[in-house]
């Protein structure tokens, strides 16, 4: 085989054009598939690296109205954990952002993604430390000092991979904590898609956390709870046991999970990321599979043309004694000689592709883990796919050539192309054109969707002149509400005075981000809720001039002012249009009393109605569907440690960042600036899925069109070469150049036409599948289909015209003599 | 055994002493054309003894190359009987026929048909490789062939670097390196000028004198004179 490979390489070097094109197209096909498969594997299929046997993990949740609640409160978690046997240890965690400084707190706190966890978190996941230990019951005692486990990357980057880090202290959220262990490399926690590098016990939440009393209250559902199935237990058994335990618990403790009727065990998927990304990545994988098909069809066409010239060689080898198997080995060697550099090039493309994903996914809050490794499994998958594809498309037609009439070889004649080989090449070109149309139409639908989404009125104006700077006072240990209030007021004042800043304000939530914010139950005196209706609204705590900074129109009443009561019965709130229309219909909303939270006693009063603003991203319906009820309350009335500074700039907002940084250093030394960006940049994060779809499909669509064009060019060029004699005869009989060219053009365009018809059917089918992810355009939009088909027809015409023109230059004397 | 060592034409490795090497009985080949059948060969019956030098002649379209293809076991689509060393080739399946041909037959082509991507030495090695000869022995036999045909100095050259006559010389060396029972030559001098042609035919004569059975197809009477017997074909029939 080595000698066959050597000869194959030697042979390919004599055909540099064919070899380069084949390797490049293979690299593209392999690279695209490898990239998407690595995303899929890292974020959807195996999203929890290093977790032992994740299929044995179950997610635990209370059930209300037949639907799982998702998260649960700490008291509910503790109560349920005591009552199960089939789940081996309940564990809980909550993802948070921590501010980490060195022990002397002289540096700016670095935001580090992490989680508060129960004691048995690491044990339940089956993950052990590489240094030190994980949590023990003693760490949960009230008298215990805060302890933390570091992530391996954090240990490497910030602590120099020092083995002596165990027992050292570090400042976490302004408090001293002892490092007790280091997690293994690659372990990122139990929430897929997040880069978690620090873990602290739940017991230390009150001291390190952001909300006092959250650990004890039943009203705050903030923990993700999971467990590992006991050996021999099934998911069904665990589900039945939890259902029974949940029913009993809600009977005994109805206050524990309001509205819950039972509990459930579900497969542990690793969070929201797999659920959100699965449909997109599946669609992308489908597209890249189509690309690979087209690539293989292209390479197959090239190899078919090549096999025509190798027919003589194969015939001679057979005459010299080569068996069919031996001939197959010769051809296989050539396939491998193309596949290996193609695969290497594909890996290089895939490395670039992984970085592209990083750039496409918006950062919001806790750092996201999108470093999907190019592991052996992914590479092996891509390589195997390629080899199988090449063998199936390259070997079969070539073996057919090896069965050719050896009398042709003995007579020394020029082997013809053979009717069956031409048919196969034509079929491949038709397939390429069809697949191209399907892929490009899909891409066009996503592009149109993206355009339509970008035109959605977000509710605020001129976002490109608003600078957003997020921060968290908890990173530096600030917890006192008075201190928070004062610090925020000083920050607003200080940054508002920066030259170039027209106005400054704060809010706890920024619209159109990746995540939605807080939801608060409420009731309206005089409004009777339906039987299963539980009114709730999203709340944004804002400074008084927020509406001015964001240019959100207040359509009735007024905005919040600095003199408004921030608490008590007269606490002022501004509601959105949906809130007013749904719950205050038929009356003047201004002055309406509202009971926020649990209970019916009004504790707020409406002072204004603001235009609806697109809240946050949770699927395309959040962007395009009706706005959900929301209200704005004074930040001063409920000061939060985490907030976002909003600065409306007269010029380029990003030019203000250095001055803002100085302001932060003056007002709150050590306080970090997180993710400075314009509101416009932030808003694009809301449709990042559609953006990824449009960009990736658009790029792939461009590539497949190029490959289909190459295929058409090749078929036409080959036909011209094969039928040189015919062209000469036609000219000798009086045909004009135009007539000769039209003969070849007509044939190739006929193939393209077949391909477009088949492709149109494919596009209609695929469009139906994509419909749920589209906006502003239907999955079977005729304009998109016809426009794309016309574009491809034009490309086909150009691709066939160029080689067909060669036929007009055939000298009939030379053409007839050459036979 | 040396490639040019004389061996007795009458002593066969197997089969009956004195029995022909090749025996054809009523060989016919036809293919469908339009609504009917076109015959390429009609009732070809002949014997070729071991050590013979037979020439097949005839006008274009007479069926010479077709007959050569059948003799060379490259074309199984015929009727009639074909015995080689007493073995019924007509009854063999494709795999067995291929293996049998690999052992018994060497080809020399009009257009040389050397493999362009291989050097002279590598071209000579190909038939031995296909016969499963171990690497070491292959190298030795190739070296021997290069020496016998006086082309040692050209062993690392590619076919494109050789003249027509040199390429045909290599083609003949390749045909005999595996010591086949039969050499089939299809217009071996068709692309050579007369001086080169004479050299090639002299070589064939020497090979035949050493005991190699040769069947050639040619248009040249001069080349035919090197053979011991001439079979003439016309319109697929053997002329009496």
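Taking Cα atoms, how many degrees apart are the long axis of helix A:688-722 and the longest axis of chain A, rounded to 10 and kept between 0 and 90?
With rounding to tens, the tilt is 0 degrees.
For the pair residue A:388 and residue A:666, what calculated FRET efficiency results from E = 1/(1 + (r/R0)^6), where r is the Cβ-Cβ distance and R0 = 56 Å, to the nearest 0.05?
0.30
Efficiency by 1/(1 + (r/R0)^6): what FRET value for residue B:195 and residue A:45, r their Cβ-Cβ distance, R0 = 56 Å, to the nearest 0.05?
For residue B:195 and residue A:45, the calculated efficiency is 0.15.
Report the Cα centroid-to-centroid distance between region B:220-240 and region B:90-116 in angstrom, as an integer.
That distance is 23 Å.
Compute the distance in nm between two label points, each set 7 Å from the Cα along the Cα-to-Cβ direction, one at residue A:240 and one at residue B:77.
6.9 nm
Explain nothing, just the number: relative contact order of region A:180-294, from Cα pairs under 8 Å at least 6 residues apart, as a whole percent.
24 percent
Quick one: which of A:521-529, A:659-667 comes out on top by average Cβ neighbours within 10 Å, and what's the full order, highest first?
A:659-667, A:521-529
Quick one: compute the contact order of chain A, relative version, from alpha carbon pairs under 8 angstrom and 6+ residues apart, as a percent.
Taking the mean separation of contacting Cα pairs over the length of chain A, I get 16 percent.
Please compute, for peptide A:5-14, the average count of beta-carbon atoms on other protein chains lying within 10 Å of each residue's beta-carbon.
2
What's the center-to-center distance, using Cα atoms, between region A:311-338 and region A:192-257 in Å?
65 Å
Multiply the residue gap between residue A:482 and residue A:532 by 0.36 nm, knock off their C-alpha separation, and tell me the result in nm, one decimal place.
Here the answer is 14.0 nm.
Please average, across the residues of B:64-72, the number of beta carbons from any other chain that are within 10 Å of each residue's own beta carbon, and give a whole number.
Mean partner shielding for this stretch: 3.
Per-residue counts of other Cβ atoms within 10 Å, averaged by peptide: what ranking do you get for B:53-59, A:48-54, B:98-104, A:12-18, highest first?
Ranked by mean Cβ neighbours within 10 Å, highest first: B:53-59, B:98-104, A:48-54, A:12-18.
Report, to the nearest 10°, how far helix B:194-209 tilts away from the longest principal axis of the Cα atoms in chain B, using its own Cα long axis and a range of 0 to 90°.
Taking Cα atoms only, the helix is inclined about 80 degrees.
Hey, what angle do you get for helix A:419-454 against the long axis of chain A, alpha-carbon based, 0 to 90 degrees rounded to 10?
For helix A:419-454, the angle is close to 20 degrees.
May I ask you to derive the FRET efficiency for residue A:761 and residue B:43 from their Cβ-Cβ distance with R0 = 60 Å, giving the value to the nearest 0.05?
0.60
Count, for each residue of B:118-131, the Cβ atoms from other chains sitting within 10 Å of its Cβ, then give me the mean as a whole number.
Counting Cβ atoms of other protein chains within 10 Å of each residue's Cβ and averaging gives 3.
Running a GNM on chain B with Cα contacts under 10 Å, which residue among B:33, B:197, B:225 ends up with the highest mean-square fluctuation?
Largest GNM mean-square fluctuation: B:33.
Every number in this text was worked out from the coordinates using simple rules, so none of it is lab data. Fair warning: this is a prediction, and the values are worked out from it, not measured in the lab. Positions of Cβ are generated from backbone atoms using ideal geometry, with glycine treated the same way; all protein chains shown enter the neighbour counts.
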